[in-house]
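Structure first, commentary second.
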Amino acid sequence: MTADPAAVRWLSLGSILIMAGLVSQAELETALEAQSHRGGRLGAVLVELGLLTPRQIAGAIADQCRLDFVDLDAVAIEPAAVKLLPEQLARRFARTQRRGQRHALARAGRRTRIDRE
């Protein structure tokens, strides 16, 4: 039996990071204070403060959304699979890769409010 998606409790990014042991409560409070002064997303602030890496943030956001996290730098993509992509989509991902934003999840995270407290 699966849980009703509406009944599943949404956890903040900060809660997930603490439960995973990636930051302490004090470090989270420091980041939230910095976020209140500078603005921006919590994940970006944690990276700027040197507390976490972008990969750790992406993994935590994946956990928050109940998604599997795939590190594209660690996966060999089959050329035959690439040929199955529509040309427009392949070009979009190629532009993303050239900009150094190799993680589609990171791009999706910027379009949502999932990492705000």
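Largest to smallest in accessible area, the residues S36, S24 fall in the order S36, S24 (1.4 Å probe, all protein chains included). Per-residue surface analysis assigns D73 an accessible area of about 90 Å², computed on protein heavy atoms at 1.4 Å probe radius. Amide H contacts of L52: V47, each under 5 Å away and 5 or more positions distant or on a separate chain (H built 1.01 Å from N in the peptide plane; Pro and chain starts excluded). When the surface is traced with a 1.4 Å probe over the full set of protein chains, E48 keeps roughly 120 Å² accessible.
Say the dipole of segment 15-96 comes from +1 at the beta carbon of Lys and Arg and -1 at that of Asp and Glu; which of A74, L85, I61 then lies farthest toward its positive end? Checking the options against the dipole of segment 15-96, the answer is L85.
Rolling a 1.4 Å probe across all protein chains gives F93 an accessible area of roughly 80 Å². The modelled label-to-label distance between E33 and D73, using points 7 Å beyond Cα along the C-beta direction, is 3.1 nm.
Given +1 at the Cβ of Lys and Arg, -1 at the Cβ of Asp and Glu and no other charges, the dipole of segment 34-80 around its Cα centre is 320 debye to the nearest 20.
The values are calculated or read from the model by the stated rules, or taken from the named source; none is laboratory data. Just so it is clear, the structure is predicted and the values come from calculations on it, not from any experiment. Cβ sites come from the backbone with ideal geometry, for glycine too, and all protein chains shown count toward neighbours. In case anyone asks, the SASA skips ligands and DNA or RNA and just uses the protein heavy atoms, side chains included. Shrake-Rupley method; radii C 1.70, N 1.55, O 1.52, S 1.80 Å.
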